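**Q** Pasting in a structure now, in structure tokens, and then I'll have a few things to ask.
A short reminder: the numbers here are calculations on the coordinates, not readings from a lab. Predicted, not measured: the structure shown is a model, and the values here were computed from it. Here the Cβ is made from the backbone with ideal geometry for all residues, glycine too, and neighbour counts use every protein chain on show.
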Amino acid sequence: MSQAVRASAPIHVKPNPSGFGAEITGLDLSHPLPPATLAAVKQAWADHAVVWFPDQPLTHDELEAFTLRIGPFGVDPFIKPMEGRPHILELRREPDEKARNFGAGWHSDWSFQAEPPAATLLHSKVTPPVGGDTLYADCTRAYDALSDVMKRMLDGLVAVHSAALPYGTKGLFAQEQAQKGDRTMQIIVSPEADKTYPHPLVRVHPVTGRKALYVSPVYTVGIEGMTPEESAAILGFLYAHMTKEDFVYRHKWRENMLTMWDNRCTLHFADGGYDGYLRVMHRTTVAGDRPR
Ligand code: SIN
């Protein structure tokens, strides 16, 4: 296949009415994009935080190549990648699988890392006829909607993140494995997951300069300097606030759709509801920098 960069490629960006999330058409992502087109894609991604490209039947090589056009690969711990593809995770759930679907909790990918991934790209290979949506929460508008008094209090706080709840030695996957639960995806439970990492509770997006709430029920375990009760009260309020209908976009998949989201200013949640049907997605991440 030719890797020549085509001379022109107009893109069509159709944002959701809220401005959070946009569909991008007019592109063939299996080829390198002209620099101006790639810049337009990155700008649309910065503007809308979640962007999706329908009708992109990408091979593994093409998915990897497009990911690298956005930035270098992130580090994906605790899940065995695809054979021979260290940067692609297959999120696969069989029709008869009983285990809870992967990603069924609000989170921002790998926020327990020192430098969590800026982007996640998810490519739909097999989509069920019912269910299987992904929900996204807009953490920028959620921050903007807070009172000035609440913003001032949160701005100086540091949240503690950890992978312990899902991947730790006493975590949910450890319990599932102890009960010999069946799961197609190979999860690696590890003491590494029990470590903690501090990040600002409100982070500033390095491209847009906008502030966003940066906590999640899956990976945030507390707020530095607060008692567990104080942390739980503030975090509980924030989770309810961030995931209000006003800030959430429900993404419906079609096969061969590529969706790219910004982990620096969104949370996501993989909805279930497709028992009896196969769902297969391929996922890559793009490295990010230390939250500030
Ligand atoms: C995830 O990356 O958390 C899973 C998203 C999905 O499968 O919809």
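**Q** I want to check the label-to-label distance for Ile188 and Met150. Put each point 7 Å from Cα in the C-beta direction and report it in nm to one decimal.
**A** 3.9 nm
**Q** Which whole number of Å³ per residue matches the convex hull of the alpha-carbon atoms in segment 10-78?
**A** Here the figure is 109 Å³ per residue.
**Q** Using only DSSP helix segments of four residues or longer, with each worth -39500 (n - 2.57), what per-residue ellipticity at 222 nm results for the chain after dividing by its residue count and rounding to 500?
**A** It lands at -6500 deg cm²/dmol.
**Q** Follow-up question, since we're still on this one. Taking the Cβ-Cβ separation of Lys80 and Ala114 as r and a Förster radius of 25 Å, what is the calculated FRET efficiency to the nearest 0.05?
**A** Efficiency at R0 = 25 Å is approximately 0.65.
**Q** While we're here: Please identify which residues in segment 110-153 have an amide N closer than 18 Å to a label point set 7 Å out from the Cα of Ala233, following the Cα→Cβ vector.
**A** Counting only backbone N, you get 147, 149-153.
**Q** Have a look at Met226, Met242, Met150 and tell me which one the Gaussian network model of the chain (Cα, springs below 10 Å) gives the largest fluctuation.
**A** Maximum among the listed residues: Met150.
**Q** Taking the number of other C-beta atoms within 10 Å as the exposure measure, put Leu157, Leu121 in order starting with the fewest.
**A** Going from least to most buried by this count: Leu157, Leu121.
**Q** OK, next. For the chain, count the residues as N, evaluate 2.2 N^0.38 Å, and divide the Cα radius of gyration by that value, please.
**A** Ratio of Rg to 2.2 N^0.38 Å for the chain: 0.99.
**Q** Can you compute the FRET efficiency between Asp246 and Gln175 using 1/(1 + (r/R0)^6), with r the Cβ-Cβ distance and R0 = 35 Å? Round to the nearest 0.05.
**A** Efficiency computed from Cβ-Cβ geometry: 0.50.
**Q** While we're on this one: If each of Ala36 and Thr208 carries a label point 7 Å out from its Cα toward its Cβ, how far apart are those two points in nm?
**A** Going from the Ala36 label point to the Thr208 one covers 2.6 nm.
**Q** Now for a different question. For segment 28-83, which GluC sites (Glu not before Pro) are in a loop by DSSP, counting at most 11 other Cβ atoms within 10 Å?
**A** The qualifying sites are Glu83.
**Q** At most 11 other Cβ atoms within 10 Å and a DSSP loop assignment: could you name the trypsin sites (Lys or Arg not before Pro) in segment 81-122 that fit?
**A** Working: sites: Arg92, Arg93, Lys98, Arg100; in loops: Lys98, Arg100.
Here the sparse-neighbourhood loop sites are Lys98.
**Q** Taking the number of other C-beta atoms within 10 Å as the exposure measure, put Ser18, Ser162 in order starting with the fewest.
**A** Working: Ser18 13, Ser162 21.
Sorted ascending by nearby Cβ count, the order is Ser18, Ser162.
**Q** Given +1 on the Cβ of Lys and Arg, -1 on the Cβ of Asp and Glu, and no further charges, what dipole in debye does the chain carry about its Cα centre, rounded to the nearest 20? Don't skip to the answer; put the middle values down first.
**A** Details: 30 positive and 34 negative charges, 55 e Å.
Charge dipole, the chain, about its Cα centre: 260 debye, nearest 20.
**Q** Sticking with this structure for a sec: For segment 202-292, what number results from the quotient of the Cα radius of gyration and 2.2 N^0.38 Å?
**A** Taking the Cα Rg and dividing by 2.2 N^0.38 Å, one obtains 1.31.
**Q** Would you work out the charge dipole size for segment 87-228 about its Cα centre, treating the Cβ of every Lys and Arg as +1 and the Cβ of every Asp and Glu as -1, and quote it to the nearest 20 debye?
**A** Computed charge dipole of segment 87-228: roughly 120 debye.
**Q** Here is a further query. Straight-line reach from Lys195: which lysines have a Cα under 24 Å away, not including same-chain ones fewer than 8 places off?
**A** Straight-line reach from Lys195, under 24 Å: Lys80, Lys170.
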